[in-house]
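Every number in this text was worked out from the coordinates using simple rules, so none of it is lab data. Just so it is clear, the model here is predicted, and its values are computed rather than measured. Using ideal geometry, Cβ is built from the backbone for each residue, glycine included, and neighbour counts are taken over all protein chains shown.
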Amino acid sequence: MLRQRIVTAAWLAPLMLAGLFGLSGGPFAAFTGLVVLLAAWEWTNLAGVAETSRRLTLVGVLAVLMTLLWWLGAALAVWPLWLAVAGWAINFYWVVHYPAKREQWGSTAARLAMGLWVLLPAWVGFNVLRDSGGVWLLYVLLLVWGADIGAYFCGRAWGRRKLAPGVSPGKSWEGVAGGVAVTLLLALLFAVWQGLGVAAGLGLMVVTAGVTLVSVLGDLLESMLKRFRGIKDSSNLLPGHGGVLDRIDSLTAAVPLFALLSTGML
């Protein structure tokens, strides 16, 4: 398993970095669109769609919708990001009340709709951040990775109080605090690097803390859906790492919200 993880990471990391920071405009939109469509393929399974032909059709519908948004210029607009705000507010309610409220989202149709407001705004957010020049895209990636690393080590060292035992028993409030601490340090370093003033620097730290907490929600949402479906990974597309969604679940929540909140700093 470890060998598989290393081999996959060895080719995946350079590919993702080249696509995210070596491309712009239409090619970048196509690259991130492909990643989102792979995640959508996995989401159809989380939604309970079994037939391959139906899963392909649903992914195709999302591809057409993304293409239309690009042609209309909506992929660089703010309004699709507000869909994420409303959607993640609903997701938060369902995660907090799992399993009591699962009848509200347990149908295939409801889970497919959930996937729409999770995946589509994430793609839009990637494009908005890349259009700014890429610095803030790099920042939100480092934010999510830093939050994961801080939560992992602090959770292992001091984790006592469970965050959401019914959804993800391994996560703790101490881990969340560690993740926030790491990302606040990142915000301070970025504020100095970018020459932000005191007010803008403080604003970045506030935004960073909020987006860090939302990134945890992204992880919890996928854990909830996998637990509901009785599966460990979203797929086996990435040997040793699970599926695409397993790698970007936190980003689907963090990217659109950060893109929306950081518009004044771009």
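Odds and ends about this structure:
- When the test is whether a residue is buried (at least 22 other Cβ atoms within 10 Å of the Cβ), polar (S, T, N, Q) and closer than 30 Å to Arg102 by Cβ, Ser223 does not pass it.
- Flag for Ala122 being under 30 Å from Gln194 (Cβ atoms), part of a helix (DSSP H, G or I), without any contact (Cβ under 8 Å) to a residue 24 or more places away in the chain and hydrophobic (A, V, I, L, M, F, W, C): no
- Residue list for segment 148-173, restricted to those being within 21 Å of Tyr98 (Cβ to Cβ) and either among the basic types (Lys, Arg) or free of Cβ contacts under 8 Å to residues at least 40 places away in the same chain (or both): Gly155, Gly159, Arg161, Lys162, Pro165, Pro169, Gly170, Lys171, Ser172, Trp173
- The requirement of being in contact (Cβ under 8 Å) with a residue 12 or more places away in the chain and outside any helix (DSSP H, G or I) is fulfilled nowhere in segment 57-76; no residue meets it.
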